[in-house]
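These notes are about the structure you will find just below.
Readers should treat all values here as calculations from the given coordinates under stated rules, not as data from a laboratory. The structure presented is a predicted model; accordingly, all values stated were derived computationally and were not measured. With ideal geometry, Cβ positions are generated from the backbone for all residues, glycine too; neighbour counts draw on all protein chains shown.
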Amino acid sequence: MLRCVCFTILGLLGFAAPAITAAEPEIVSVRKIWDAGKHNAFTDLIRWRDKWYCTFREADAHVGGDGRLRVLESADGDQWESVALVTEEGIDLRDPKLSITPDDRLMINAGGSVYEGTNLLGRQPRVAFSEDGRHWTAPQRLLTEGEWLWRVTWHKGRAYGVTYNAALRSTAAAKEAAKTGQVSPGPAEWKLKLVSSADGVNYELVTHLDVPGHPNETTVRFLSDGEMVALVRREGGDTFGWIGRSPAPYTQWTWHKTQHRLGGPNFIQLPSGDLWAAGRSYPGGAKTVLARMTADGDYAPVLTFPSGGDTSYPGLVWHDNLLWMSYYSSHEGKSAIYLAKVKLP
């Protein structure tokens, strides 16, 4: 059993009021819940069967090596116990994301990369399932070689997620070069693909998403009326994140560009209908931030967490009128896993 190293903001540790409001978001507490691995990163958080589960990657460094997926369990959010370690020999398992299947199992989807040193040789998404949070099926391959299915969200019995394949950029560029006679083709765009699945294993294409600028990490969520909203990281052009929205069946999208570069994007809709996002902020050095968000493209960071260096990739859960957020950071020297509680206006 791991007992948390913790500190509080404004002496509010142990806060238990059933209803709380604030003019601006306010950190209630931040706790370091794990730092046993050499490099601990890329978190997600979920509440299932009245317990908390946090997953993340453990490895020797940010890139390369055989990453393993650690799963922590807690009954109260204060004391955490490691209950599982999902591994695959020769594979760097990365960016684990938690969800709950329609038949009430826990599911982790993750990237499965193959490295030679820090050189990426290939990758393909993986999925694993658990009926108790402690025992997990062996990672199973999804989609095709080169894809990255970053996060899925379940809605009306189906898992929806966005996948991308950066290798298609060079393929498209080579084809174009052959047509024009170019010797050294420049980078070409690739498209995001929205996919869905009834079982979390077999996915089918819903539509391509026309987001330029080398889009990649994408979180999709569903509003109370069933509309889908997507928050997309972009690494090309101006690098500003994009926000899209679409009614069912999710083939007609409206897109808005934010005015912020973001990494490890995640967001959540509260019972009030408000959207709150979290991820990496870049100006002045990497930090993990919380941002106000709307489906029409507004994204405004309003709160910075104790963080720096190698950081971000938050998991978000709304519970007991508090926003619970896992994230990782190296601001204390070693990349470690943190749990924050935030009261929102």
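Summary table
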item	result
Positive dipole terminus of the chain, leading residue within HIS135, PRO314, VAL83 (C-beta point charges)	PRO314
Cα long-axis angle, helix 167-180 against the chain (0 to 90 degrees, to the nearest 10)	20
Mean Cα-pair separation over length for the chain, i.e. relative contact order, pairs under 8 Å, 6 or more apart, %	16
Listed residues PRO96, PRO125, PRO25, most fluctuating in the chain (Gaussian network, C-alpha, under 10 Å)	PRO25
Pairwise label distance in nanometres, THR251 with THR239, each label 7 Å out on the Cα-Cβ vector	3.7
Sequence-distant lysines (8 or more away, or on other chains) whose Cα lies within less than 30 Å of LYS257	LYS97, LYS156, LYS175, LYS191, LYS193, LYS287, LYS341, LYS343
Stokes-Einstein translational diffusion, region 21-343 - Kirkwood Rh over all Cα pairs, 1.002 mPa s, 20 °C, in µm²/s	107
Neighbourhood charge, 12 Å Cβ-Cβ cut-off, centred on ASP132 and excluding it, Lys, Arg +1 and Asp, Glu -1	+1
Set of aspartates and glutamates with alpha-carbon distance to LYS32 below 17 Å, sequence-local pairs under 8 removed	ASP44, GLU58, GLU73, ASP76, ASP78, GLU81, ASP310, GLU332
Dipole in debye (nearest 20) - region 21-343, about Cα centre, beta carbon charges: Lys, Arg +1; Asp, Glu -1	480
Separation of the VAL114 and GLU227 label points, Cα + 7 Å toward Cβ, nm	4.4
Inter-label distance for HIS155 and ASP78, nm, one decimal - labels placed 7 Å from Cα along Cα-to-Cβ	3.8
Euclidean distance of C-alpha centroids, region 188-209 and region 22-68, integer Å	27
Residues ASP298 and GLU332, FRET efficiency given R0 of 45 Å [Cβ-Cβ distance, rounded to 0.05]	0.90
